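What follows is one structure encoded as structure tokens, with my remarks underneath.
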Amino acid sequence: MYIVATGYSFVTARGVLSPGDEITEKDFEKKETFLKKVNQGRIIAGKSKVVLEKEAAEVKKVADQEASEAEAKRLKQAKEDADLKVTTAEAALQKAKETHATAQEAANKLASEILAKQKPQIEALEKKIQDCEKAVNEATSAFEKAKPEHKEGAENNLKLAEETLNAAKGELEKVKADAETPELKKALEEAERTAEVIIDAEANLAEAKDAVSRVV
């Protein structure tokens with residue numbers, strides 16, 4: 001293929017041919033004229049502007065296709081990675097819930113066992129407190145109704161009844177406080193810790209799901 005050299009142009013039957021346009025010996029009346037222009041360097045072997053543009057378009061098409069495929073591959077991988085994070089976060093949340101359930105069950109069981117052992121004592125103290133409260137009410141009523149000469153004795157009886165009531169309440173509080181053994185305290189702390197793990201796992205899952213929606 002021959003083309004018009006840079007800096008030259010020719011008027012032919014096809015019109016004016018500019019630099020880079022394809023040109024052949026048919027564009028001249030004589031073949032000798034064509035060959036002369038070739039020898040003069042006005043016409044050179046090469047690719048025409050049309051061919052070059054076509055080749056450039058093909059190169060661009062291939063490049064665009066490769067870029068499109070690369071982008072599609074990137075998106076696919078990004079989506080798969082994001083989905084995997086969601087799956088992993090869901091599994092972690094499920095595991096956290098199971099661990100917490102186990103810890104809470106252990107704490108509840110231990111608390112129930114301790115309560116069962118202390119139940120008779122607690123019930124007895126609760127009954128004692130009821131009786132003491134009744135005694136305080138009766139002593140209060142007696143004090144309010146007592147004649148002046150009997151006020152001091154009634155007041156002493158009321159104070160004694162109140163002291164007995166407070167002592168019974170203190171004893172009950174101590175029994176309940178003793179129920180929180182080191183083992184139970186540890187079990188409760190573990191249940192609380194695993195509950196916090198669930199909160200963190202839920203936050204991680206929400207973040208992972210949000211990341212999936214932002215894959216573009």
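The values are calculated or read from the model by the stated rules, or taken from the named source; none is laboratory data. Since we're looking at a predicted model, the values are computed, not measured. We place every Cβ from the backbone using ideal geometry, glycine too, and count neighbours over all the protein chains shown. Accessible surface is based on the protein model in full, side chains and every heavy atom, while ligands, DNA and RNA are left aside. Shrake-Rupley method; radii C 1.70, N 1.55, O 1.52, S 1.80 Å.
Computed from the C-beta positions of residue 140 and residue 109 and an R0 of 45 Å, the FRET efficiency is 0.55 to the nearest 0.05. Could you tell me the accessible area of residue 42 in Å² (1.4 Å probe, neighbours in place), rounded to the nearest ten? For residue 42, the solvent-accessible surface is approximately 80 Å². For region 74-146, a/c is not less than 1.5, where a ≥ b ≥ c are the root eigenvalues of the C-alpha gyration tensor, and a/b does not top b/c. That puts it in the oblate class.
Compared with the alpha-carbon gap, the fully stretched path from residue 83 to residue 149 is longer by 14.9 nm at 0.36 nm per residue. For region 40-85, the alpha-carbon radius of gyration amounts to 2.15 times the rule-of-thumb value 2.2 N^0.38 Å expected for a compact globular protein. When all alpha carbon pairs of the chain are counted in 10 Å bins from zero, the resulting P(r) reads 7, 14, 10, 9, 8, 8, 8, 7, 6, 5, 5, 5, 5, 3, 1, 0 %.
State in Å² the accessible area per residue of region 17-90; use a 1.4 Å probe, count heavy atoms of protein chains only, and round to the nearest integer. With all protein chains present, region 17-90 gives 75 Å² per residue. The order of the peptides 180-189, 142-151, 101-110 by mean Cβ neighbours within 10 Å, most packed first, is 101-110, 180-189, 142-151. Label-to-label distance, residue 200 versus residue 44, with points set 7 angstrom from Cα along the beta-carbon direction: 7.1 nm. Here the spin labels are modelled as points 7 Å beyond Cα on the Cα-Cβ line, and at residue 76 and residue 167 they lie 8.5 nm apart.
Counting heavy atoms of the protein chains alone, residue 44 has an accessible area of about 70 Å² for a 1.4 Å probe.
On the beta carbon distance between residue 68 and residue 102, with R0 = 45 Å, the FRET formula returns roughly 0.30. For the chain, the share of accessible area belonging to carbon and sulfur comes to 54 percent (1.4 Å probe, ligands and nucleic acids excluded).
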